[in-house]
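The values are calculated or read from the model by the stated rules, or taken from the named source; none is laboratory data. Everything numeric here is computed off the predicted structure, so don't read it as measured data. In this analysis, Cβ positions are derived from the backbone assuming ideal geometry, glycine residues included, and neighbour counts consider all displayed protein chains. SASA here: full protein model, heavy atoms, side chains in, ligands and nucleic acids out. Shrake-Rupley method; radii C 1.70, N 1.55, O 1.52, S 1.80 Å.
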Amino acid sequence: MPGRWKKTSFSTTIILVLVATLLVHGLQRSELTITRLTDGIWRLGDFITQAFPPDFSRITNILIASFETFEIALIGTIFGALLSVPLGVLAARNTTPHKSVYFIARGIISFLRAIPDLVWGLIFVVTIGLGPAPGIFAITVDVIGFCGRFFAERIEEIDSGPMDSLKVSGASKLAIVTGAILPATLPSFIATCLFSLEQSVRSAIILGLVGAGGIGVELQTSMQLFRFKEALTIILIIFAIVLGVERVSAYFRSKII
Amino acid sequence: MNFKTENLCKRFSDGHYALRDISFTAKEGQSIAIIGPNGAGKSTLIKCLVGLEEITSGSISFGQVEISNMNKKNLRELRKNIGFVFQNFNLIQNLSVFHNVLFGTMGRKANPLSWFPLTASKEDRELVMFHLDRVGLADHAKKRVDHLSGGQQQRVAIAKMLMQKPKMIIADEPVASLDPKSGLEVIELLSTISREESLTVISILHQLDFARNYFDRIIGLKKGQIEMDKLTSNVSKENLDLIYSNPLEEIIV
Ligand SMILES: Nc1ncnc2c1ncn2[C@@H]1O[C@H](COP(=O)(O)OP(=O)(O)OP(=O)(O)O)[C@@H](O)[C@H]1O
Ligand SMILES: [Mg+2]
């Protein structure tokens, strides 16, 4: 018991020293001083006073843009979720046709997930140009990274009985997926998709900042032109969208599970 | 369908023989109970029969065809003719009884539209109700499977298996997780079906009275070998005792 205690305490010390070093180094690098902090709070106050009252004059354009953001999130999530189903089947140990396919499918999912959505957004803006299309692609890829992994793990958890039962009745691969895998996993797949949609809405807003369409573009513009009253309107609308989607999604998820 | 195994051996990758020299012929319409202690190789034997386990040597043939030479496609064709009943039913819990039974057509019908209650043909939907009626559950068609008792679930599984229009039925401990009354109902049902359609039935059982009262023939397995193979009328109590005698005692003797 004492020996074990000593061991843990040793590795804990190393981790603590490491974290402390990184913290000190990071604080020095970012030149985070008390004066800068207080200045920042001051300016935040400035921003808020200048932003009030919010300016609703361009509300129609803003609403159209926010609708675009929602559509980007929705379409991207649907595409991503649909593509995740076959990929998840290939990336689950118990359903993959071959070990090599398993590794390739897992590799694709890990790769897509390892690169952040904003980076995908930048890549697609450069390759296909500004507008909602790169936003949809970025969301699709991001959703595959998330749902693909989740679906594969969910499939690996299912009871093999119903699959065996169909297999010994001479059913095809497609029949086994339809008759044994999907029914057992669909409720949690749908819950995951809804959760994914919540994240996608947030992503889609941010993606606008790099030019991938929607309300993010509007926010970027009004900030750069110092139109803070308009920016506040946009922020309020973003708040409403995110909260609304979260509520609706939470409601449906509670219905399913 | 009649079938035959000859000198069937199964060795697992750990070098252990689960089956040795299994030879027997099942006549069309015959019902065979396979009995034997835990680990005797009963499940392994029937897995070999449907190609879920590869055999190490020997042969298994259905009618004129030998299964070790079969490619995947022919194996699938063979499986379509064999109805398999599992100990734990293997139904989809969150779907309706009707839908589960309809899934029994998945082997026979390649068109995905025929797999769903709304898009299946009228003929198939009527067949589902016909078989549900046969197993006494027509009134429960719309219920979810997880609202049924174990005995009812096994009857649903049998109705599902009948959708295959099987030529033979194989069962691995179909009543092991049921209470005595439900178990009896399920065994009677299997027996009636096999008699009415002269289907060959092979079932693993642990209940000797079921084996004696409802099967034509009993095969006793012990340590991977056939210890006894007799028509039920010729089986004596001594025969059964020998199969279940403690293997440890024998090693000591
Ligand atoms: N995949 C496997 N790999 C190695 N050994 C196995 C495997 N499957 C089964 N065995 C072994 O083969 C033997 C026979 O097992 P089997 O499941 O056929 O027995 P059983 O007669 O069905 O027993 P029970 O009455 O408990 O169901 C056992 O010793 C078991 O440990
Ligand atoms: Mg067994």
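One table, with the values for the structure above:
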{"read-out": "The one condition in (1) more than 28 Å from B:ASP124 (Cβ to Cβ); (2) within 16 Å of the chain's Cα centre (by Cα); (3) within 16 Å of ligand 2 (Cβ to nearest atom) that B:ILE202 fails to fulfil", "value": "(1)"}
{"read-out": "Selection within segment B:188-246 - β-branched (Val, Ile, Thr) and part of a strand (DSSP E or B)", "value": "B:THR200, B:VAL201, B:ILE202, B:ILE204, B:ILE218, B:ILE219, B:ILE226"}
{"read-out": "Residue in segment B:37-57 that is farthest from the other protein chains (Cβ to nearest Cβ), counting only those that are small (Gly, Ala, Ser) and away from ligand 1 (no atom under 12 Å from the Cβ)", "value": "B:SER57"}
{"read-out": "B:SER96 within 13 Å of chain A (Cβ to nearest Cβ) and either of a type in the set (Gly, Ala, Ser) or open to solvent by 40 Å² or more (accessible area, probe 1.4 Å) (or both)", "value": "yes"}
{"read-out": "Strands (runs of 3 or more DSSP E) (entirely within segment B:1-63) containing at least 1 residues that are closer than 25 Å to B:ASN239 by Cα", "value": "B:3-11, B:17-26, B:31-35"}
{"read-out": "Residues that are buried (at least 16 other Cβ atoms within 10 Å of the Cβ), touching a residue at least 40 places away in the same chain (Cβ under 8 Å) and out of contact with any helix residue (DSSP H, G or I) (no Cβ under 7 Å at 6 or more places or on another chain), drawn from segment B:62-88", "value": "B:LYS80, B:ASN81, B:ILE82, B:GLN87"}
{"read-out": "Within segment B:21-36, considering residues that are buried (at least 18 other Cβ atoms within 10 Å of the Cβ) and not hydrophobic (A, V, I, L, M, F, W, C), the one farthest from ligand 1 (Cβ to nearest atom)", "value": "B:GLN30"}
{"read-out": "A:ASP55 being at pLDDT below 85, surrounded by 10 or more Cβ atoms within 10 Å (Cβ to Cβ), in a helix (DSSP H, G or I) and out of contact with any strand residue (DSSP E or B) (no Cβ under 9 Å at 6 or more places or on another chain)", "value": "no"}
{"read-out": "In segment B:10-20, residue surrounded by the most Cβ atoms within 10 Å (Cβ to Cβ) [restricted to those that are more than 15 Å from ligand 2 (Cβ to nearest atom) and in contact (Cβ under 8 Å) with a residue 24 or more places away in the chain]", "value": "B:ARG20"}
{"read-out": "Odd one out for B:ILE60, checked against (1) within 15 Å of ligand 1 (Cβ to nearest atom); (2) at pLDDT 90 or above; (3) farther than 20 Å from B:LYS165 by Cβ; (4) aliphatic (A, V, I, L, M)", "value": "(1)"}
{"read-out": "Some residue of segment B:65-82 being within 26 Å of B:ALA157 (Cβ to Cβ), outside any loop (DSSP other than H, G, I, E, B), at pLDDT 90 or above and within 16 Å of ligand 1 (Cβ to nearest atom)", "value": "no"}
{"read-out": "Helices (runs of 4 or more DSSP H) completely within segment A:147-238 that count 1 or more residues being in contact with a strand residue (DSSP E or B) (Cβ under 8 Å, 6 or more places away or on another chain) and within 14 Å of another protein chain (Cβ to nearest Cβ)", "value": "A:161-167"}
{"read-out": "Pairs with Cβ under 9 Å, 6+ apart, first in segment B:30-46 and closer than 12 Å to B:ASP172 by Cα, second charged (D, E, K, R) and within 9 Å of ligand 2 (Cβ to nearest atom)", "value": "B:ILE34/B:LYS42; B:ILE35/B:LYS42; B:LYS42/B:ASP172; B:LYS42/B:GLU173; B:SER43/B:ASP172; B:SER43/B:GLU173; B:ILE46/B:ASP172"}
{"read-out": "Some residue of segment B:220-237 being of a type outside the set (D, E, K, R), open to solvent by less than 70 Å² (accessible area, probe 1.4 Å) and at pLDDT below 90", "value": "yes"}
{"read-out": "Unmet requirement for B:MET168, which otherwise passes all of (1) open to solvent by 10 Å² or more (accessible area, probe 1.4 Å); (2) more than 24 Å from A:ALA184 (Cα to Cα)", "value": "(1)"}
